[in-house]
Amino acid sequence: MDTTLELLKSRRSFCRLNPDYGKSAGPLPCTKEEIFDAEARLARFAPLLAELFDEAAEHAGIIESELLEIPRLARTLLPGAKMLLKADHDLPVAGSIKARGGIYNVLCFAEKLCFDRGLLSPSDNYRRIDTPEVRKLFAQYTVSVGSTGNLGLSIGTIAAALGFRARVHMSADAKEWKKVLLRSRGAEVIEYTGDYSSAVARGRAEAAKDPFAFFVDDEKSKELFLGYSVAALRLREQLKVRHIFPDPAHPLFVYLPCGVGGAPGGVCFGLKMLFGDAVHCFFAEPAESPCMLLGLASGKNEKISVYDIGLTNKTLADGLACAAPSGRSCQCMRELLAGNFTVQDEQLLALQRKTRELEGLKIEPSAAAGFPGPEMVLNSGFCEERNIAPENVLHILWTTGGRYLPE
């Protein structure tokens, strides 16, 4: 830990391989069967989502991103490597990786309310949720969340569209354009001068006092985690179309930007449940906000903050500006995550520009966090430790937000 701590304090970019990776995992937060159950629930909601959102209607109500070839960007990042990009920056409706988990979490709440009152059954066409009777029920409830931006955009959008009162507690890191967009979609935005943790704490405390409030907790929600994990099923199908069938000798290396750890944790969990030793996940974190790396390396999980080691938690990657990690995600990732690496803001800006210039993709700075991963991981000794031939690796860069980024 001493060496890791000094590297973190130095704010230099570095890669840390997880010494606990692959050890016998403790109790996991979910099962593989629950991932399939989440996918089935999203399929039931697809007709309703297609009715509510034109963007979702283009894909029959399935909110998913493309798996893209990025030949020009790949050549600049790691010449000769096989590389694809999972374009979660362009997910419909919410425009970020948070669309998958955030929307799913609110849909679970809506479904339960309808089931409890006999207004819906699993065999129904879920378009019947969009009726005056159900909207009158939903209007009694407030759905709230604490966010640096993208999760709030996801929760606020779907909650307002369903007829709930939507309250989004935004930290000081949140970009102004995200607040404007949320308000235009019918959500109430409460702004704070503090960071992500303080916005979450205020939102959580406020909701606890109201029996008609539902708080989406990025640090603790099982439904949110499961919604993110469905990405693994979608990726598997996209790989099949390309006739790609990973195995331990021909694995996937997946690079996921990480803030508090909920979204990348859910994706990593899903991938490990589906692919096992044929996939290795690495989290990318800003040099000023490496909360997951710190939580895992120290063994203190959510009980340690980047402020405790003198870092500022100030980063252009607003979606990753979290001082302390999710305890749930830390516990789950302790044996499932291959490693973490840090990136500096200057790298993020340069990679954001390069991605636009070379591939025509509009991404937020945070969405570029994973891009240095292939070179850093291959230089870390990971392949040598596991007898993996580097030329057999398929690198997948996972993006986060960008669809609604103003020009």
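Please treat every number below as a calculation from the coordinates, not as lab data. Just so you know, these numbers come straight off a predicted model, no measurement behind them. Backbone-built Cβ (ideal geometry, glycine too); neighbour counts: all protein chains shown.
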- Just one of (1) outside any helix (DSSP H, G or I); (2) more than 17 Å from ASP88 (Cβ to Cβ) trips up ILE363, so point out which. (2)
- Query: Pairs, please: C-beta under 7 Å, at least 6 apart or cross-chain, first residue β-branched (Val, Ile, Thr) and in the range 44-62, second part of a helix (DSSP H, G or I)?
  - Reply: ILE62/ALA46
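Report yes if PHE371 is in contact with a strand residue (DSSP E or B) (Cβ under 8 Å, 6 or more places away or on another chain), under 22 Å from LEU91 (Cβ atoms) and in contact (Cβ under 8 Å) with a residue 12 or more places away in the chain, otherwise no.
So PHE371 passes the test.
Can you tell me which residue within the range 94-132, out of those that are among the aliphatic types (A, V, I, L, M) and buried (at least 24 other Cβ atoms within 10 Å of the Cβ), is farthest from ALA160 (Cα to Cα)? Can you show your working first?
Applying the first criterion (among the aliphatic types (A, V, I, L, M)) to the range 94-132 yields 94, 97, 99, 103, 106-107, 110, 113, 119-120, 129.
Cutting the leftovers down to buried (at least 24 other Cβ atoms within 10 Å of the Cβ) gives us 94, 97, 99, 103, 106, 110, 129.
Numbers: ALA94: 13, ILE97: 19, ALA99: 14, ILE103: 11, VAL106: 10, ALA110: 12, ILE129: 14 Å.
Of everything passing the filter in the range 94-132, ILE97 is farthest from ALA160 (Cα to Cα).
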- Could you grab me the full set of residues in the range 1-43 that are surrounded by 11 or more Cβ atoms within 10 Å (Cβ to Cβ), among the small types (Gly, Ala, Ser) and touching a residue at least 40 places away in the same chain (Cβ under 8 Å)? SER13, GLY22, ALA25, ALA38
- Task: Could you run through the range 27-49 and say how many residues are in contact with a helix residue (DSSP H, G or I) (Cβ under 7 Å, 6 or more places away or on another chain) and over 11 Å from TYR126 (Cα atoms)?
- Result: 8
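Determine if the range 83-93 includes at least one residue that is under 25 Å from GLN238 (Cα atoms), more than 23 Å from the chain's Cα centre (by Cα) and touching a residue at least 12 places away in the same chain (Cβ under 8 Å). Steps first, please.
Initially, the range 83-93 is screened for residues under 25 Å from GLN238 (Cα atoms), giving 83-93.
With the extra rule that they be more than 23 Å from the chain's Cα centre (by Cα), the set shrinks to none.
Looking for residues that are under 25 Å from GLN238 (Cα atoms), more than 23 Å from the chain's Cα centre (by Cα) and touching a residue at least 12 places away in the same chain (Cβ under 8 Å), one finds none in the range 83-93, hence no.
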- Filtering the range 230-253 down to residues that are under 13 Å from the mean Cα position of the chain (by Cα) and over 26 Å from TYR141 (Cβ atoms) yields ALA231, ALA232
- Item | From ALA50, ALA99, ALA38, residue being over 18 Å from the mean Cα position of the chain (by Cα) and either among the aromatic types (Phe, Trp, Tyr) or in a helix (DSSP H, G or I) (or both) | ALA50
